[in-house]
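J.: Before anything else, here's the structure in question.
The values are calculated or read from the model by the stated rules, or taken from the named source; none is laboratory data. On a predicted model such as this, the values are computed, not experimentally measured, just so you know. FYI the Cβ positions are ideal-geometry reconstructions off the backbone, even for glycines, and counts take in every protein chain you see. Note: accessible area is taken over every heavy atom of the protein model, side chains too, but ligands, DNA and RNA are not part of it. Shrake-Rupley method; radii C 1.70, N 1.55, O 1.52, S 1.80 Å.
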Amino acid sequence: MQLHRGNLYLVGLPGAGKTTLGRQLARRLGKQFLDADRELERTLGVSIPTIFEIEGEAAFRNREEAMLAELVLRTGIVLATGGGVVLRPANRERLKANGTVVYLHADPSVVVHRVQASRNRPLLETPDKLARLQELYAIRDALYREVADVTLESDRGAIARFAQALEDTQHEPLRPW
């Protein structure tokens with residue numbers, strides 16, 4: 001598998017491991033790692049929860065879309081996207097057109113343990129995080145699958161095998177994955 005424009009974009013639920021696994025993939029592949037949410041925070045000088053609190057989700061999605069439009073212009077990156085980036089058709093089109101998209105699939109019952117203590121996920125600030133994750137999964141799973149070139153279970157073994165396959169194709173460009 002060749003990475004389109006040398007870019008690898010990770011999509012999936014909050015807590016699926018996009019940032020953690022994205023850093024590992026970038027290191028193994030010799031690419032720059034970027035986290036779309038962190039880039040947005042850096043640019044605006046405020047946290048994602050603050051954006052949600054002051055401007056609301058719709059305004060946040062507008063800012064997220066503008067940030068993605070900038071980030072996909074780069075080449076040779078591994079990008080961890082925000083969990084809701086796939087909600088907008090324009091974002092899905094940008095991802096597909098400018099890179100290889102990997103859906104890190106994780107069941108809500110698995111990710112709820114990963115996000116339990118997190119205070120940086122405004123959509124999960126609810127007493128029943130599992131129910132909220134199940135709602136998000138019901139809405140987003142089909143969208144993640146629509147945009148994905150590859151769907152991987154969010155575990156280290158699957159990611160390691162995928163990274164190895166990508167490393168191998170960098171040395172043998174014509175070998176199919």
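J.: Taking region 105-138, which trypsin sites (Lys or Arg not before Pro) meet the DSSP loop condition and have no more than 13 other C-beta atoms within 10 Å?
T.: Values: sites: 114, 119, 129, 132; in loops: 119.
Those satisfying the criteria are 119.
J.: Further question on the same structure: Report, in deg cm²/dmol and to the nearest 500, the calculated mean residue ellipticity at 222 nm for the chain, where each DSSP H run with n ≥ 4 adds -39500 (n - 2.57) and the sum is divided by the residue count. Intermediate values should be presented prior to the final figure.
T.: On the way: 8 runs with 97 residues, N = 177.
Calculated mean residue ellipticity at 222 nm is -17000 deg cm²/dmol.
J.: To continue, here is another question. Label-point separation (nm) for residue 109 and residue 42, each offset 7 Å from Cα along Cα-to-Cβ?
T.: Between residue 109 and residue 42, the simple spin-label model gives 3.8 nm.
J.: Also, quick follow-up: When only Cα pairs under 8 Å and 6 or more residues apart are kept, what is the percent relative contact order across region 68-153?
T.: Contact order relative to length: 41 percent.
J.: Right, here's the next one. Return the sequence-ordered ³J(HN,Hα) values of region 131-141 in whole Hz as given by the Karplus equation 6.51 cos²θ - 1.76 cosθ + 1.60 applied to θ = phi - 60°, using x for Gly and Pro.
T.: So the Karplus estimates, Gly and Pro as x, are 4, 5, 4, 5, 4, 4, 4, 4, 7, 9, 3 Hz.
J.: With a ≥ b ≥ c taken as the square roots of the eigenvalues of the C-alpha gyration tensor of region 1-122, please select rounded if a/c is under 1.5 and otherwise prolate if a/b is larger than b/c or oblate if it is not? Show your work: numbers first, answer last.
T.: Details: a/c = 1.65, a/b = 1.22, b/c = 1.35.
Since a/c reaches 1.5 but b/c is at least a/b, the shape of region 1-122 is classed as oblate.
J.: Loop only per DSSP, at most 14 neighbouring Cβ atoms within 10 Å: give me the GluC sites (Glu not before Pro) in region 97-177, ordered by residue number.
T.: Values: sites: 125, 135, 146, 153, 167; in loops: 125.
Loop-located and lightly packed - 125.
J.: Residue 17: net charge of surrounding residues, Cβ under 9 Å, Lys/Arg +1, Asp/Glu -1, itself excluded? Before the final figure, lay out each step's value.
T.: On the way: positive: 18, 114, 156; negative: 155.
Every neighbour counted, the sum reads +2.
J.: Can you tell me the accessible area per residue over region 15-121, all protein chains present, probe 1.4 angstrom, in square angstrom?
T.: 45
J.: Sketch the reach of a paramagnetic label on residue 138 as a point 7 Å from Cα along Cα-to-Cβ, and name the residues of region 84-118 whose backbone nitrogen lies under 15 Å away.
T.: 108-109
J.: Carbon-plus-sulfur fraction of the accessible area of the chain, 1.4 Å probe, in percent?
T.: On the way: 4370 of 8470 Å².
Summing carbon and sulfur atoms, their accessible area is 52 percent of the total for the chain.
J.: Can you bin region 89-168 into rounded, prolate or oblate? Criterion: square roots of the alpha carbon gyration tensor eigenvalues sorted a ≥ b ≥ c, rounded for a/c under 1.5, prolate for a/b above b/c, oblate for the rest. Walk me through the numbers on the way to the answer.
T.: Details: a/c = 2.38, a/b = 1.44, b/c = 1.65.
Oblate is the answer for region 89-168, as a/c is 1.5 or above yet b/c matches or exceeds a/b.
J.: Going Cα to Cα from residue 31, which lysines come in below 24 Å? Please leave out same-chain ones fewer than 8 positions away.
T.: 18, 96
J.: Whole-Hz ³J(HN,Hα) for each residue in region 67-79, computed from phi via Karplus 6.51 cos²θ - 1.76 cosθ + 1.60 with θ = phi - 60°, x for glycine and proline: what do you get?
T.: Each residue's phi maps through the Karplus curve to give 5, 4, 4, 6, 5, 6, 6, 7, 10, x, 10, 10, 10 Hz.
J.: I'd like the accessible area for residue 109: 1.4 Å probe, protein heavy atoms, all chains in place, Å² to the nearest 10.
T.: 60
J.: How many nm is it between the label spots at residue 58 and residue 70, if each spot is 7 Å from the Cα in line with the beta carbon?
T.: 2.4
J.: Enumerate the amide H contacts of residue 7 below 5 Å, restricted to partners 5 or more residues apart or on another chain; note that Pro and chain-start residues carry no placed amide H.
T.: When sequence neighbours closer than 5 places are left aside, the close amide H contacts are 76, 77, 100.
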